[in-house]
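Participant: Here it is: the structure, laid out below.
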Amino acid sequence: MDTAKSPASKAAEITKELGTKAENKAEQVKEKLTYLWHEIAPWQQDNHYITSGYRPQSNSYAKSWKSLFYIHNETVNIYTHLLGAVVFLITSYVLFSELKPRYDTATREDVYVFACFFAGAVACLGMSGTYHTIQNHSHEVAVWGNKLDYLGIVGLIWGSFVPVLYYAFQAETGLMRVYWTMITTLAAGTSVACTHPQFRTPALRPVRALMFVLMGLSAVFPVLHGIKLYGVGHLQRSIGLNWVVFQGVLYIVGAGLYAARVPEKWAPGRFDIWGSSHQIFHVLVVLAAASHLVGLVRAFDYAHSSRAVVDKVLGL
């Protein structure tokens, strides 16, 4: 015999059902890994052409690092530079074990200038990858992490200059020191600007790109000076000029795309996860560093080859 449910039991069932739905909804919110532009905190909003794939503020380093295991709009930025840092670290070990045995004339100075490059590359890529990983932790962490990211770029540019100047002006140590002083001064000034609170605002994106490009373009002065003293052919051999120029082109193209926010500016939302300007910039930075390394290895080989000895004797 069926008995009608009392109003009290019906109310209890409804309450239970609503509670279950609320729990399910809460669980869905909890499991939501990425958010849209308008759903994230204002301090996280930097590029409005990237409309989705954002990680919410985590307030936890562990949660931020766990984002390595799912796809979001920082995934490419993180992995290109974290993996790049690992590759350059391993490459440095391999090269350092090969430098001295490769030529009897190899010196500690060779090791030191290569160390400057590798330190700059690993620091830049490592700090960049780390910053993009923990960027969503909190506003405070994002601020100091961003400063370290910019300082890493300065370190890479400085570390790239040191060995080029060493191999370009081995016969002119006075000039070598002058240009070392120039790039160190520029690096110090850029570092101070990088740590200014206004430097990281979206409005100053073009200024940031221009500052780093100008710092990199300061290489034009010693290169032109070297061409005047020794000729293009000599610099091709002594510093791997083609590779150095190619590196500069990659940096400029990457910085230009970053400043212009291309291609996402042309199709907002289409490049949220793959192919945004910042991601392209990251890839080009790694390729530029690799190009520079090829030039340095060629410079090292030339400096310690019999051809270099012949050129010195002939005054070429």
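None of the figures in this text is laboratory data; all of them are computed from the coordinates on show. Owing to the predicted nature of the structure, the values given are computational and were not obtained by experimental measurement. All Cβ positions, glycine included, derive from the backbone under ideal geometry; neighbour counts span all protein chains shown.
Participant: Suppose we take every Cα in region 38-314 and form the convex hull; what volume per residue is that in Å³? Write out the running numbers ahead of the final one.
Facilitator: Numbers: hull volume 33.8 nm³, N = 277.
Each residue corresponds to 122 Å³ of Cα convex hull volume.
Participant: At R0 = 35 Å, how high is the FRET efficiency between Val192 and Glu140 if r is their beta carbon distance? Nearest 0.05 is fine. Could you put the intermediate results ahead of the total?
Facilitator: Numbers: r = 21 Å, r/R0 = 0.60.
In this case the efficiency is close to 0.95.
Participant: Using R₀ = 22 Å, calculate the FRET efficiency as 1/(1 + (r/R₀)^6) where r is the Cβ-Cβ separation of Gln236 and Ala171; round to 0.05.
Facilitator: 0.85
Participant: Would you look at the GNM of the chain, springs on alpha carbons closer than 10 Å, and say which of Tyr70, Tyr302, Tyr61 moves the most?
Facilitator: Among Tyr70, Tyr302, Tyr61, the largest mean-square fluctuation in the Gaussian network model of the chain belongs to Tyr70.
Participant: Compute a Gaussian network model of the chain, connecting alpha carbons closer than 10 Å, and tell me which residue from Leu151, Leu165, Leu214 fluctuates the most.
Facilitator: Result for the chain, Cα springs under 10 Å: Leu214 fluctuates most.
Participant: Arrange the following residues from fewest to most other Cβ atoms within 10 Å of their Cβ: Cys194, Cys124.
Facilitator: Numbers: Cys194 21, Cys124 29.
Going from least to most buried by this count: Cys194, Cys124.
Participant: Right, something else. How about region 31-131: which GluC sites (Glu not before Pro) there lie in a loop by DSSP and see at most 12 other Cβ atoms within 10 Å? Before the final figure, lay out the partial values.
Facilitator: Details: sites: Glu31, Glu39, Glu74, Glu98, Glu109; in loops: Glu74.
The qualifying sites: there are none.
Participant: Quick one: if the Förster radius is 25 Å, what FRET efficiency do Ile227 and Ile90 give, using the C-beta to C-beta distance and rounding to 0.05? Provide the component values of the computation, followed by the final result.
Facilitator: On the way: r = 35 Å, r/R0 = 1.39.
Working from the Cβ atoms, E equals 0.10.
Participant: Next question, about the same structure. Based on the Cα atoms of region 91-220, what semi-axes does the equivalent ellipsoid have, where each is the square root of 5 times one gyration tensor eigenvalue, given in whole Å with the largest first?
Facilitator: Numbers: eigenvalues 196, 74, 16 Å².
Gyration-tensor ellipsoid for region 91-220: 31, 19, 9 Å.
Participant: Next question, about the same structure. Under 20 Å from the 7 Å Cα→Cβ point of Val294, by amide nitrogen: which residues of region 120-159?
Facilitator: Those under the cut-off are 121-122, 157.
Participant: With the chain treated as a Gaussian network of Cα nodes joined by springs under 10 Å, which of Phe300, Phe271, Phe69 yields the largest mean-square fluctuation?
Facilitator: Phe69
Participant: Let me ask another. Normalised by the number of residues in region 110-255, what is the relative contact order in percent for Cα pairs under 8 Å and 6+ residues apart? Can you show the working numbers first?
Facilitator: Values: 120 pairs, mean separation 32.2, N = 146.
Relative contact order comes out at 22 percent.
Participant: Count the lysine pairs in the chain that are 8 or more places apart or on different chains: how many have C-alpha atoms under 25 angstrom apart?
Facilitator: Value for the chain: 19.
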